[in-house]
Amino acid sequence: MRFVFDEQPPVTHPTVDLGCGTWCTINYDSIISSVLAIVVTVAAAVLIARAMNSERPNRVQALAEWAFSYVRATSKENAPDASSFVVPLAATIGVYILVANYLDFLPITLIPNLHPANTDVNQTAAMAIVVFVLLHWYNIRLRGFKGYLLYYTRPHELPVWARAIFTPLNVIEEIVKPVTLALRLFGNLLAGLLMLYVIGLLLPPFLATPVVAIWKLFDVLFIGLIQAFIFMLLTLVYFGLAREGFEQEHSH
């Protein structure tokens, strides 16, 4: 890959300043990679949907149906009353992250300063914020605003003074959720790029090329799949955690 033999490690992103401050500065390589991943994701979804046949399902259809069934079953287990929007949310995020990660198999890094979308923390943070906002909207819809505030005083079986001690810890726990979602995905993928850079520094080109190919196969194929699955699964789990204690609260 081109960046393996660059003088600078791939830890920064080229920016464009639109002239209206920090919030108008964009990493254009991430925008290009994201748009490419979105186009491929939508195109793949349309092609799979059009090729579906209830009488003679092909292997791609069987795989898609199995994956969707897994997401739906997990959602019903964790947040059964929210499956109507949690299933599309988690499935779309999982497929998009997988496509964005697997696009690294293509020689996109031959384009100067272009790196995979999820190696930009702004990209992963944006997805985590979407999950965070919908998660708390769901919690408010589930419990009402008063119940939502009381949710932060759990465990409810403890006396008031003990619940007061746990309240800041519960608030910190909620704040940490999107942070860990974003940084886990970003950190693992960026580490893969840095590993390629280190291999290029330590080994001569004739030896670095096969080592890079082997590492990239493992990093993109396996780690890329695992990270997409973890992000999707944690999205489902977090919605389930939002229901924590809800049945007990309304059983009295």
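The figures follow:
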| quantity | calculated |
| --- | --- |
| Residues of the stretch 143-193: accessible area per residue with a 1.4 Å probe, Å² | 55 Å² |
| Cα gyration tensor category, rounded, prolate or oblate, for the stretch 31-136 with a/c compared to 1.5 | oblate |
| List ASP17, ASP81, ASP120, ordered by accessible area with a 1.4 Å probe, largest first | ASP17, ASP81, ASP120 |
| Net +/- balance of residues flanking ILE48 in space, Cβ distance below 14 Å, scoring K and R +1, D and E -1 | +1 |
| Whole-percent carbon and sulfur share, accessible surface of the stretch 110-219, 1.4 Å | 81 percent |
| On Cα atoms only, tilt of 121-151 relative to the major axis of the chain in degrees | 0 degrees |
| Surrounding net charge for GLU173, when Lys and Arg each add one and Asp and Glu each subtract one, Cβ distance under 14 Å | 0 |
| For the chain, built as a Gaussian network whose Cα springs stay under 10 Å, the top-fluctuating residue of THR235, THR15, THR74 | THR15 |
| LEU194/VAL40 FRET efficiency (R0 35 Å; Cβ-Cβ; nearest 0.05) | 0.90 |
| Binned Cα-Cα distances of the stretch 110-252, short to long, each 5 Å bin given as a whole percent | 2, 8, 14, 16, 14, 11, 9, 8, 6, 5, 4, 3, 1, 0, 0 |
| Coarse-grained scattering of the chain at q = 0.11 Å⁻¹, given as base-10 log I(q)/I(0) from a Debye sum over alpha-carbon atoms | -0.73 |
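The values are calculated or read from the model by the stated rules, or taken from the named source; none is laboratory data. It should be emphasised that the depicted structure is a prediction, and the values quoted were computed from it without experimental measurement. Every residue, glycine among them, receives a Cβ derived from its backbone with ideal geometry; neighbour counts consider all protein chains shown. Areas reflect the complete protein model, heavy atoms only, side chains present, ligands, DNA and RNA absent. Shrake-Rupley method; radii C 1.70, N 1.55, O 1.52, S 1.80 Å.
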